[in-house]
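Trainee: Right, I'll just put the structure down here and ask away after.
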Amino acid sequence: MNTKKNDYILPEMNRERNRSLRSTAAACSRFVMDDAAVNFGRGKKYYIRTYGCQANVRDGETIAGILELMGFENTESTSEADVLIFNTCAIRQAAEDRVFGEIGSLKSVKAKHPGQVICLCGCMAQEEVVVNKIISSYPQVDLVFGTHNLWRLPELLMKVMKEGKRTIEVLSQEGDLIEELPVRRSAGAKGFVHIMYGCDKFCTYCIVPYTRGRERSRRREDILAEIRSLREEGRKEAVLLGQNVNAYGKDLGMEDGFTSLLESAAETGIERIRFYTSHPRDYSATTIDAMRKYPNIMKSLHLPVQSGSDEILKRMNRGYTADSYRKLYDDMRAKIPEITFTTDLIVGFPGETDEQFQATLDLVDYCQFDLAYSFVYSPRAGTPAARMEDSIPAEVKKERLQILNDRLSAIAATRNAAYLGRKVRVLCEGPSKKNAAVYSGYSEENKLVNFTGPEGLEDRIVDVEITETHSFSLDGKAV
Ligand code: 5AD
Ligand code: SF4
């Protein structure tokens, strides 16, 4: 059992840190809604705000599904809502600061709405420092639950709403995989599918292995059934999710489990398949072959490299060198010349020297990424890197980020310029966020495309001719 204080069940990062890395299959159970919970929310409204990665978005869809099964109705208004859910991300400090700001500003909203319930869940809830801060300084938060017990929401929420008692239940052990959870998917033609949960890589800067627990793979049949149901709903793209998808199936005793799953996913006949996130250490050559073989597996790969310096990669515990990453990159390019490559990069890791930063720039020049997400290192309490000595001033880190971003956007502009005059196939998501008069969507290569065309193209795959290119998007017209 976890630590109990005032009936609270509190997170313990130490237990996650010291967990066994033995890969054994997690037990699997089916979600059943308690009779008392059905209709409990009738006539009441919920608001949900999700931060962070696509895995969190998918969890948010499950939370919304549970609440709707309880009878709650969705609202976009915080003042109208009876229940407010903050489904949070802990990857960097900035993400956490935003959530605390948001919850802080709700004190006055709640004062005008007696009985309103504020819940914090997701990755931040798994952190001791966060929960302690909530307990001491955020009395407006009524319910905290973690990433391992989403399915407990009906019971926890009923307890808070019936007894008016603040409840905290965060487990530091993963428990069973829960299947058949309800889902309220976001609008649009793509659907997210968890293939596994957790991460055992323990990169030294990263909080995820602590907040999401050990690697657990869902059963193949459950995943394939979810993809088929997306297809039956008329969705065109399945996005397979895991912190480290290449490790899929290891805990189930499968050899090369990810490639085999990917092939079966392609054989469901859904129009498009993508997957996030790959890890260079576990990448299997057979996955590239599958990408080449199946036309509905999109030829774009997000392969985070983090740094181009061997010394930094070692201190990050990434398990590969810059040269082995280049080799992997070369193999992919040789086998699938048209593949698009994206990555994640961290600058200002503790003690990063100018030369080590230069090695990252050199790798970026070599790989010519189509797009890269770049971050300044953010210390996360309880992770090994947060205890490493760091004498690099914040201004130097900011300067490095600027230099890196300038380089990345110049490369992205050159990569995109090659699309001028070409025809791409775009899954239309609807009107663009910036200009409602144009559509936007993603091409097979995962390029953001803004385009004009006749009415009624939403959720369809459209041929678009590219008429103008930018660093981070392409413009065109439907043909
Ligand atoms: N500081 C900065 N960036 C981080 N990431 C993960 N942890 C940190 C951190 N502590 C980045 C990595 C990862 C992406 C999802 O977020 O680049 O690939
Ligand atoms: Fe974090 Fe590394 Fe796991 Fe990715 S692979 S979630 S960066 S620990």
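We did not get these values from a lab; they are worked out from the coordinates using the rules stated. It should be emphasised that the depicted structure is a prediction, and the values quoted were computed from it without experimental measurement. Neighbour counts are summed over all protein chains in view; Cβ atoms, including those assigned to glycine, are modelled from backbone coordinates with ideal geometry.
Trainee: Students often get this wrong: which residues of segment 383-425 have the backbone nitrogen under 20 Å from the point 7 angstrom along Cα-to-C-beta of residue 477?
Mentor: 419-425
Trainee: At 37 °C and 0.692 mPa s, grab the translational diffusion coefficient of the chain from Stokes-Einstein with a Kirkwood Rh over Cα pairs, rounded to a whole number in µm² per second.
Mentor: Approximately 138 µm²/s, per Stokes-Einstein.
Trainee: Moving on. Report the label-to-label distance for residue 38 and residue 256 in nanometres (one decimal), using points 7 Å from each Cα along the Cα→Cβ vector.
Mentor: It is 4.6 nm.
Trainee: Further, regarding this structure: Any chance you could give the angle, 0 to 90 degrees and rounded to 10, that helix 153-163 forms with the longest Cα principal axis of the chain?
Mentor: Taking Cα atoms only, the helix is inclined about 30 degrees.
Trainee: Next question. Could you pull out the GluC sites (Glu not before Pro) across segment 191-288 that fall in loop regions by DSSP (anything but H, G, I, E, B) with no more than 12 other Cβ atoms inside 10 Å?
Mentor: Working: sites: 215, 221, 226, 232, 233, 237, 255, 263, 267, 271; in loops: 215, 233, 255, 271.
Those satisfying the criteria are 233, 255.
Trainee: Fully extended, how many nm does the chain gain between residue 405 and residue 293 (0.36 nm per residue separation, minus their Cα-Cα distance)? Working shown, then result.
Mentor: Values: separation 112, 0.36 × 112 = 40.32 nm, distance 3.43 nm.
Computed gain between residue 405 and residue 293 is 36.9 nm.
Trainee: Quick check: residue separation of residue 155 and residue 263 times 0.36 nm, minus the Cα distance between them. What number comes out in nm?
Mentor: Working: separation 108, 0.36 × 108 = 38.88 nm, distance 3.89 nm.
My answer for the length gained is 35.0 nm.
Trainee: Here is a follow-up. Set the bar at 30 Å for Cα to Cα. Now go through 190/293; 201/335; 201/236 and name every pair that lies beyond it. Let's see the in-between values first.
Mentor: On the way: 190/293 22 Å; 201/335 28 Å; 201/236 32 Å.
Too far apart for the 30 Å limit: 201/236.
Trainee: Moving on to the next point. Assigning unit charges at the beta carbon (Lys, Arg +1; Asp, Glu -1) and nothing else, what dipole magnitude in debye, to the nearest 20, does the chain show about its Cα centre? Can you show the working numbers first?
Mentor: Values: 66 positive and 69 negative charges, 126 e Å.
For this selection, approximately 600 debye.
Trainee: Continuing with this model, one more query. Find how much the distance from residue 414 to residue 465 grows on full extension, using 0.36 nm per residue of separation minus their present alpha carbon separation; answer in nm with one decimal.
Mentor: Values: separation 51, 0.36 × 51 = 18.36 nm, distance 1.79 nm.
My answer for the length gained is 16.6 nm.
Trainee: Spin-label point model (7 Å from Cα, Cβ direction): what's the residue 422 to residue 80 distance in nm?
Mentor: 4.4
Trainee: If you take the beta carbon distance between residue 184 and residue 311 as r and set R0 to 51 Å, what does 1/(1 + (r/R0)^6) give as a FRET efficiency, to the nearest 0.05?
Mentor: On the way: r = 47 Å, r/R0 = 0.91.
So, using R0 = 51 Å, E works out to roughly 0.65.
Trainee: Next question, about the same structure. For the chain, find the longest principal axis of its Cα atoms and tell me its angle to the long axis of helix 354-367, 0 to 90°, nearest 10.
Mentor: That helix lies at roughly 70 degrees to the long axis.
Trainee: To make sure I understand the rule: partners must be lysines, Cα under 20 Å from the Cα of residue 159, and not fewer than 8 residues away in the same chain. Which ones qualify?
Mentor: Filter leaves 4, 5, 44, 45, 110.
Trainee: Using Cα centres only, tell me the gap between segment 357-390 and segment 309-352 in whole Å.
Mentor: 11
Trainee: Return a whole-number percent for the relative contact order of the chain, with Cα pairs under 8 Å and 6 or more residues apart as the contact set. Before the final figure, lay out the partial values.
Mentor: Details: 968 pairs, mean separation 54.3, N = 479.
This gives 11 percent for the chain.
Trainee: A further question on this structure: How far is helix 257-267 tilted, in degrees, relative to the longest principal axis of the Cα atoms in the chain, given as a value from 0 to 90 rounded to the nearest 10?
Mentor: Relative to the chain, helix 257-267 is tipped by roughly 80 degrees.
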